[in-house]
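Colleague: After the structure tokens below, expect a handful of questions from me.
Bear in mind that the values in this text are calculations on the coordinates, not laboratory data. What you see is a predicted model, and the numbers here were worked out from it, not measured in a lab. Note that each Cβ is placed from the backbone with ideal geometry, even for glycine, and that neighbours are counted across all protein chains shown.
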Protein chains: 2
Amino acid sequence: MEVFEAIEKRHSYRGEYTDDPVKKEDLLKIVQAGLQAPSGKNAQTTEFVIVDDREKIFQIGQMHTMQAMKNARAIILCIVDKDPEAVYEGYSFSVEDCAAAVENIMLAITALGYATVWIDGWLRLEKRAEKIAQIIDLPGSKKIKTLLPIGIPKEKLHQREKKAFTQRACFNRYSL
Amino acid sequence: MEVFEAIEKRHSYRGEYTDDPVKKEDLLKIVQAGLQAPSGKNAQTTEFVIVDDREKIFQIGQMHTMQAMKNARAIILCIVDKDPEAVYEGYSFSVEDCAAAVENIMLAITALGYATVWIDGWLRLEKRAEKIAQIIDLPGSKKIKTLLPIGIPKEKLHQREKKAFTQRACFNRYSL
């Protein structure tokens with residue numbers, strides 16, 4: 001799929017997935033896209049745990065009321081250090097690094113005909129990130145920053161409406 | 001350009017640009033890609049100031065020793081609120097939102113034959129973000145989070161080497 005088409009078609013999918021599995025070769029391509037994202041000082045701070053074990057998917061998915069979690073065919077967990085190392089003048093960029101990787105992954109998912117939704121805030125409540133961390137034996141120094149369920153969408157949905165260009169962008173001088 | 005090709009070809013370009021301008025229609029497509037990025041609760045928190053005025057580009061570019069800044073043909077400034085509004089259970093996601101938009105923009109830049117580099121940490125030092133904010137009349141409630149110089153690269157460079165898949169990704173159980 002052409003890059004501008006993928007950018008336009010990417011959308012948050014919270015609905016049901018078909019019973020079709022996510023092919024292993026596709027999972028590898030999808031996560032590889034995340035690995036190729038930029039990161040501050042090329043520190044490559046984001047790691048990935050790909051959950052394709054049915055029992056573990058069920059354990060994670062049943063924590064959420066969303067259909068896309070309940071019948072996800074695979075789940076990608078994006079992992080960062082709880083206390084990320086400074087890579088430039090005392091700053092770390094692990095939040096930015098992870099978000100760039102997630103966006104690459106979402107575009108790859110879209111291009112391959114699957115659908116997903118970016119789950120972050122939900123993990124921060126009711127110790128959900130910690131509970132899922134136990135399921136995947138995550139070391140205490142790491143945390144799950146983002147969760148992405150994957151499957152083939154049953155419903156055809158579109159990207160939510162965005163504000164017009166002129167409401168968010170301008171030339172040479174801030175005038176919004 | 002196909003999405004996986006763009007992901008693979010995207011790289012940080014710090015070298016010289018040719019004298020060719022960045023076409024206005026391309027700048028619009030590039031920033032539009034940023035507008036279409038996901039954002040927490042679709043809050044669309046990132047705004048963009050596109051600098052294509054030669055004098056302003058010079059004022060900004062000469063602050064940096066990097067060739068890509070000194071002879072940028074255009075500069076995209078990604079703007080966020082200094083004190084972003086909470087959109088979900090007390091949390092805001094403006095850092096994540098901006099990074100996802102930047103990644104879309106970088107892929108669009110790559111697909112159209114230009115090159116760029118993600119500049120963030122540099123802005124945080126020596127009040128550079130504040131100095132550039134003055135050049136574009138940015139309100140005090142906003143800050144420049146990311147800067148992207150753009151032009152047609154003189155040198156053919158490649159994405160920096162990334163760690164192997166198995167060093168950063170695993171299945172079902174954290175084992176890195």
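Colleague: So if we plug the beta-carbon distance of residue A:155 and residue A:127 into 1/(1 + (r/R0)^6) with R0 = 45 Å, what FRET efficiency do we get, rounded to 0.05?
Modeller: Plugging the Cβ-Cβ distance into 1/(1 + (r/R0)^6) gives 0.90.
Colleague: Could you calculate the FRET efficiency of residue A:166 with residue A:58 from 1/(1 + (r/R0)^6), where r is the beta carbon distance between them and R0 is 45 Å, rounded to 0.05? Present the calculation step by step, with values, prior to reporting the outcome.
Modeller: Numbers: r = 47 Å, r/R0 = 1.04.
Step by step, r from the Cβ atoms, then E = 0.45.
Colleague: Now, a different point. Over the Cα atoms of the stretch B:1-104, Rg to Rh with Kirkwood Rh, two decimal places?
Modeller: 1.01
Colleague: Please compute the average number of Cβ atoms from other chains found within 10 Å of each residue's Cβ in peptide A:91-98.
Modeller: On the way: counts 4, 1, 5, 0, 5, 12, 1, 3.
Partner-chain Cβ atoms within 10 Å, mean over residues of A:91-98: 4.
Colleague: Using +1 at the C-beta of Lys and Arg and -1 at the C-beta of Asp and Glu, which of A:115, A:158, A:49 has the Cα lying farthest in the positive direction of the dipole of the protein assembly as shown?
Modeller: Toward the positive end, the furthest listed residue is A:49.
Colleague: Which helices pass in chain B if a helix is a full DSSP H run, must span at least 24 angstrom along its long axis by Cα, and must have mean Kyte-Doolittle hydropathy not below 1.0?
Modeller: Within chain B the helices that satisfy the rule are B:94-111.
Colleague: Give me the one-decimal nm value for the distance between modelled label points at residue A:24 and residue A:42, 7 Å along each residue's Cα-to-Cβ direction.
Modeller: 3.1
Colleague: Inside 10 Å of the C-beta atoms of B:21-34, what's the mean count of C-beta atoms belonging to other chains? Numbers along the way, then the final one.
Modeller: Details: counts 0, 0, 0, 1, 0, 0, 2, 2, 2, 0, 5, 7, 5, 3.
That works out to 2 on average.
Colleague: In the structure displayed, which of A:9/B:9; B:9/B:82; A:41/A:162; A:24/A:82 lie more than 26 Å apart, Cα to Cα?
Modeller: Too far apart for the 26 Å limit: B:9/B:82; A:41/A:162; A:24/A:82.
Colleague: Let me know the charge dipole size of the stretch A:3-155 about its Cα centre in debye, to the nearest 20, where only the beta-carbon of Lys, Arg (+1) and Asp, Glu (-1) is charged.
Modeller: Computed charge dipole of the stretch A:3-155: roughly 340 debye.
Colleague: Using Cβ contacts closer than 10 Å as the measure, can you line up A:173, A:168 from fewest to most?
Modeller: A:173, A:168
Colleague: What does the structure give for B:44-50 when I average, per residue, the other chain Cβ atoms found within 10 Å of the residue Cβ?
Modeller: Per-residue shielding by partner chains comes out at 5.
Colleague: While we're on this one: Measuring from the lowest to the highest alpha carbon on each principal axis, how far does the protein assembly as shown reach, largest first, in angstroms?
Modeller: Computed over the protein assembly as shown, the largest-to-smallest principal extents equal 60, 37, 36 Å.
Colleague: So how compact is chain B: Cα radius of gyration and Dmax in angstrom?
Modeller: Expressed in Å, the Cα Rg and Dmax of chain B come to 17.0, 54.
Colleague: Run the helix sum for the protein assembly as shown: -39,500 (n - 2.57) per DSSP H stretch of 4+ residues, divided by residue count, reported at 222 nm to the nearest 500 deg cm²/dmol.
Modeller: Mean residue ellipticity, 222 nm, calculated: -10000 deg cm²/dmol.
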